[in-house]
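Below is one structure; the comments refer to it alone.
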Amino acid sequence: MDSRAGTPAIGRLPADARNQLHPARPPSNTGVRLSVHGCCGGDGGTAGGGIVRDHGGQMVVAFYIFRTADMATDSDIDGLLYGLLLCQSHNKDINSIDISSQRLANILNSRAKTPWALTYSIRKIRVLTQNVTINYTASRQNGVAQALCHLAKDSKDEHIFFHSVDLPHVIVHALAAENTEDRL
């Protein structure tokens, strides 16, 4: 399925949107975990990839996106916003987010100042992540999101996968490797 059909548009926030993070709520059996990774495309673009998992670790949805340089402020932010809006449009309650950018995790957890150029995007993310735990996860521990990001960089396209059987073989291998590591 082409992700352009029915994907959420990143629009303006309501004027009363709050710019505060709130304490994390306990995980529920209905919530999901969003894992995202961003990377530079090399040709003046940025790429992002992510996977949403249910409380049992099973894939709910996966995605990758590519943006030209004038459309993205930061690859990690673009991928995270896309994943958040995708979850919102499918009524998925996010309990936690794993991101492979320590800088972004620190900003979102109020451990670092928000650069002026990123203020608007960070406000959008904070509105969408109220009561959500945000974790830094090293790229090597975020293999599926990283593989999706590299697929976006190589294809210069975007796509949403709603079924694991539709995933490209390189992503299936990354998912299998990640599941094997979880069992060890």
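Each value in this text was obtained by applying a stated rule to the coordinates, not by laboratory testing. Source: prediction; values computed, not measured. We place every Cβ from the backbone using ideal geometry, glycine too, and count neighbours over all the protein chains shown.
Simple point charges give the picture: +1 on the Cβ of Lys and Arg, -1 on the Cβ of Asp and Glu, and for region 45-172 a dipole about the Cα centre of about 480 debye. Start at zero, step by 10 Å, and the Cα-Cα distances of region 32-183 spread as 12, 45, 35, 7, 0 percent across the bins. Which one of L80, N95, N106 is farthest out on the positive end of the charge dipole of region 32-183, using unit charges on Cβ (Lys, Arg +1; Asp, Glu -1) and the Cα centre as origin? Most positive-ward Cα: N106.
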